[in-house]
Amino acid sequence: SFRGFLESELLRTSLEEICLQCKKLDLTPGGPEDDDGIPAFLAAALTPPHPKSVWNALETLVDLGAMDVITNELTRLGNCLSCLSVEPKVGKMVLCSFVLGCAKDASSMAVAMSYKSPFIIPPSSMRRDADQAKVEISQGTESDQVTVLKVLDIRDNFVKTGRKNQFYTYCRNNFINVGAIQMISDLRRNIARELSNLGYPDPTKGGAWYNRNSTSTQNLTFLQSTIVAGVYPNVASRQQGAINFSTMTNRKAKIHISSVNAVKGQPLSRKSQMLEFIAYGEMVKGVAMFTMNQTTHLASVVSIFLLCGDFRIRPARTDVDQETTRAVMSVDDWVSFVCDKQIASGLAVLRKRLDAIFHHIVSDPTKGFESLSSLEKDTLNTLDAVMKSSFSSLPGR
C-alpha cells in the first residue's frame, strides 16, 4: 500500500550535503558532541534523521578529507564541495579529475551520476533488445558512467553536425530518454560555472593540462581511476570462480539488473576468471541480498593504491627470521597485495606526491598548472605512465 504522505525532504536528501551546508552557513559552529553541533541541530527538526545516519554522514565527510574529525570545521576541500551541486563523493571525483587529466569527461559523468538514468526501462518483451543496445553503446567499457558519457558524446556529435532530429530517432531506437539526456547535457554548464566560481579553469576546455588524457586512446584507465577516487570506499571484489561480490564491510552483493554489467554475456555477469574489483555508486538492500548500481569494472588495482584510503606498506612475513625483498601494500587493511619492495616504495613516494599536488590545487585552484614545480609536473607525467602501463599489462579476460 502507498504511504499516507510524502516523507520530509530532510529524510530524502543526502545527509552529507546537509552537513556541509550547515557548516557553510555557520548554523552549527560547535563540534559533534556540542549542543551547537551538527547532530544536535538536526535532532531538533520536526522529522529528524536517525542519529546513526548523521554520524555515518560525518564519518564519510571526515574520510573524504572535507571535515575536521574533532571540530567538524570544513577543510579547503570541504569548502569546495559545499559549493558544488553534486554529492560530496561525486564532487571529489571531479576535483581529482584535474590531477588525472580528464576533467571534461569527469564533470559530465558527475552530472549523470547525480541525475536519473537516461535509459528507459522497456517492457519485458523488449528487454533483450534494450540490453543489447546498451552493451553496444558501452563499447566494452564495462561501466555505467562511461556508457552515459558515450551517449553524451553521440548527442554532441549529432548537434554539432545539425542532425538533432536524427538524434531523436537514435534515442528511440536505443531506448534512451531524450528529455533525461538533454537535461544531463544542459546541467554540464552548471557544474562548469560552479567550478569557475571556485577558481578552477573551465573543465570543457580541450587541450589543457587537466584534459591531457581526455582524448587518449587509453583514457578508460583514467576514467576508472577518477570514478574510484570519488566513490571510494564503495568498492567490491570477488575471487576467482565467484559470481557475487564482497564489499569492504563483508556484505555479499550483486550487480543491479539495470547495470550494463548485469546484461547476460558481459564478463561481470558470469563467474569470475580472476580476482576482480568494481566501484559502485550506491548499494540497495534487496529481497535476497544487496544490489549495487552505477558499477564500473576496475581493470587495475593501482588506482586504489594511489588515490584511495589509508595506504600502508609493511615487510612481507617469512617462515624464518631473514630479510625479504617482498613487501605488502594495503589500503585501509582491506585490499592487500604482495610485491617487490622497490615497487612498493616507488608507489608510496608517488602516492605522497600526488596527495601534495591535490592539496596544492585545491588550496589555490586559480594558479593552475603554471604554479606547479618541475617535480610536481614530473609526478603527473609519471602518474600517466604508471596508469597506462598498469592498464595495458593486464591479462585478457
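The values are calculated or read from the model by the stated rules, or taken from the named source; none is laboratory data. What you see is a predicted model; the values in this text were computed from it and never measured. Cβ coordinates were reconstructed from backbone atoms using ideal geometry, including for glycine residues, and neighbour counts include every protein chain displayed. Note: accessible area is taken over every heavy atom of the protein model, side chains too, but ligands, DNA and RNA are not part of it. Shrake-Rupley method; radii C 1.70, N 1.55, O 1.52, S 1.80 Å.
Give me the pairs, please: first residue somewhere in the stretch 142-156 and within 13 Å of Ala112 (Cα to Cα) and in a strand (DSSP E or B), second residue anywhere and modelled with pLDDT of 95 or more and open to solvent by less than 30 Å² (accessible area, probe 1.4 Å), beta-carbon distance under 6 Å, and either six or more positions apart or on two chains.
Ser143/Thr296
Starting from the stretch 351-377, take each residue that is under 22 Å from Asp202 (Cβ atoms) and list its partners that are of a type in the set (Asp, Glu) and part of a helix (DSSP H, G or I), counting only C-beta distances under 8 angstrom and pairs at least six apart or across chains.
Correct list of pairs: Ile357/Glu376; His360/Glu376.
Any idea which residue in the stretch 357-379 is surrounded by the most Cβ atoms within 10 Å (Cβ to Cβ), counting only those that are in contact with a Phe, Trp or Tyr (Cβ under 8 Å, 6 or more places away or on another chain) and in a helix (DSSP H, G or I)?
Once the filter is applied, the top-ranked residue is Ile361.
Is there a residue being open to solvent by less than 20 Å² (accessible area, probe 1.4 Å), touching a Gly at 6+ places or on another chain (Cβ under 9 Å) and either in a loop (DSSP other than H, G, I, E, B) or touching a residue at least 24 places away in the same chain (Cβ under 8 Å) (or both) anywhere in the stretch 212-226?
Within the stretch 212-226 (the criterion being open to solvent by less than 20 Å² (accessible area, probe 1.4 Å), touching a Gly at 6+ places or on another chain (Cβ under 9 Å) and either in a loop (DSSP other than H, G, I, E, B) or touching a residue at least 24 places away in the same chain (Cβ under 8 Å) (or both)), the answer is yes, since at least one residue qualifies.
Considering only residues that are under 12 Å from Ser114 (Cα atoms) and open to solvent by less than 30 Å² (accessible area, probe 1.4 Å), which ones fall in the stretch 181-193?
Within the stretch 181-193, Ile184, Ile191 qualify.
Output the residues belonging to the stretch 43-58 that are open to solvent by 30 Å² or more (accessible area, probe 1.4 Å) and more than 14 Å from Ser8 (Cβ to Cβ).
Scanning the stretch 43-58 gives Pro51, Lys52, Trp55, Asn56.
For the stretch 331-347, check the following and say yes or no: at least one residue is open to solvent by less than 20 Å² (accessible area, probe 1.4 Å), in a strand (DSSP E or B) and of a type in the set (Ser, Thr, Tyr).
no
Take the residues in the stretch 232-261 that are crowded, with 20+ Cβ neighbours inside 10 Å and free of Cβ contacts under 8 Å to residues at least 40 places away in the same chain, then tell me which one is nearest to Asp131 (Cα to Cα). First the steps, then the outcome.
First pass over the stretch 232-261, keeping only residues crowded, with 20+ Cβ neighbours inside 10 Å: 232, 234-236, 238, 245, 253-256, 259-261.
Then keep just the ones that are free of Cβ contacts under 8 Å to residues at least 40 places away in the same chain; that gives 238, 253-254, 256.
Working: Arg238: 24, Ala253: 21, Lys254: 18, His256: 13 Å.
Among those that are crowded, with 20+ Cβ neighbours inside 10 Å and free of Cβ contacts under 8 Å to residues at least 40 places away in the same chain, it is His256.
Which residues, taken from the stretch 159-192, are under 22 Å from Arg128 (Cβ atoms), among the aromatic types (Phe, Trp, Tyr) and either touching a residue at least 60 places away in the same chain (Cβ under 8 Å) or part of a helix (DSSP H, G or I) (or both)?
Correct list: Tyr170 only.
Count, please, the residues in the stretch 354-388 that happen to be among the small types (Gly, Ala, Ser), at pLDDT 90 or above and farther than 23 Å from Gly78 by Cβ.
2
Among (1) polar (S, T, N, Q); (2) touching a helix residue (DSSP H, G or I) at 6+ places or on another chain (Cβ under 8 Å); (3) closer than 30 Å to Leu380 by Cβ; (4) in contact (Cβ under 8 Å) with a residue 12 or more places away in the chain, there is one condition Ser117 misses while meeting the rest; what is its number?
Every condition holds for Ser117 apart from (3).
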